[in-house]
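Heads up, the thing below is written out as structure tokens.
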Amino acid sequence: MPADIEGYREYVASRLDPLRRTAYLLCGDWHTADDLVSMALVRLLRHWRRVSAMDNPDAYVRRVLLRVWLDERRRPWRREAAWADVPDGAARSATDGAADRLTILALLAELPARRRAVLVLRYFCDLSVEETARELGCTTGTVKSQAARAIEALRGRLVGVPATHEGVRADG
């Protein structure tokens, strides 16, 4: 057990919500996101004495979270696939962007893992190109090209998404 268990608890309490949101953006499912965060926090606890002395423990935790997510994606037989009946359309007001967010999240889920990770780290976690490259263990050129290709793919797919008007899809 780490000597500074109270420091670990304080760290986790202050970072839990951002970690959950990051995990959700990576995997697109809140239950899976909670599982990923739990696995990452167990790994963090194991190494807390060393991590707590680091200049940037957040970078370490993000990297662990990213690796846990990638490991889970590589092992589909370890996951349960839960399917529920999805309603034909979402009810929303004209000012509610929930359907737009769901569309973006669905499109984000279609991207290959590395491109999705680049977008989440760059634009959600607000990391620089250099920090993202360090997190992913690749070059800055790879981060730039993966981000450009991911954004291009999202734009291309958004063009094909039917327009919405006050929550009613054009096709339904």
Exercise for the section: Determine whether the stretch 74-81 contains at least one residue that is at pLDDT below 90, in a helix (DSSP H, G or I) and more than 25 Å from Gly137 (Cα to Cα). Expected result: yes
Problem - In the stretch 37-50, the residues that are surrounded by 17 or more Cβ atoms within 10 Å (Cβ to Cβ) and either under 13 Å from Arg15 (Cα atoms) or in contact with a Leu (Cβ under 6 Å, 6 or more places away or on another chain) (or both) - result: Val37, Ala40, Leu41, Leu44
Fill in the blank from the handout: Note on Gly160: of the conditions (1) of a type outside the set (Ser, Thr, Tyr); (2) surrounded by 10 or more Cβ atoms within 10 Å (Cβ to Cβ); (3) at pLDDT below 90, unmet is (2)
Completion exercise
Within the stretch 127-143, the residues that are closer than 16 Å to Asp58 by Cα, open to solvent by less than 20 Å² (accessible area, probe 1.4 Å) and outside any loop (DSSP other than H, G, I, E, B) are Thr132, Ala133, Glu135
Exercise for the section: Report the residue count in the stretch 107-126 for those that are without any contact (Cβ under 8 Å) to a residue 40 or more places away in the chain and either assigned to a loop (DSSP other than H, G, I, E, B) or of a type outside the set (Lys, Arg) (or both). Expected result: 5
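The values are calculated or read from the model by the stated rules, or taken from the named source; none is laboratory data. Being a predicted model, the structure only gives us computed values, none of them experimental. Methodologically, a virtual Cβ is constructed for each residue, glycine included, from the backbone with ideal geometry; neighbour enumeration extends over all protein chains shown. Each accessible area value is taken on the protein alone, full model and side chains, heavy atoms only, with ligands, DNA and RNA left out. Shrake-Rupley method; radii C 1.70, N 1.55, O 1.52, S 1.80 Å.
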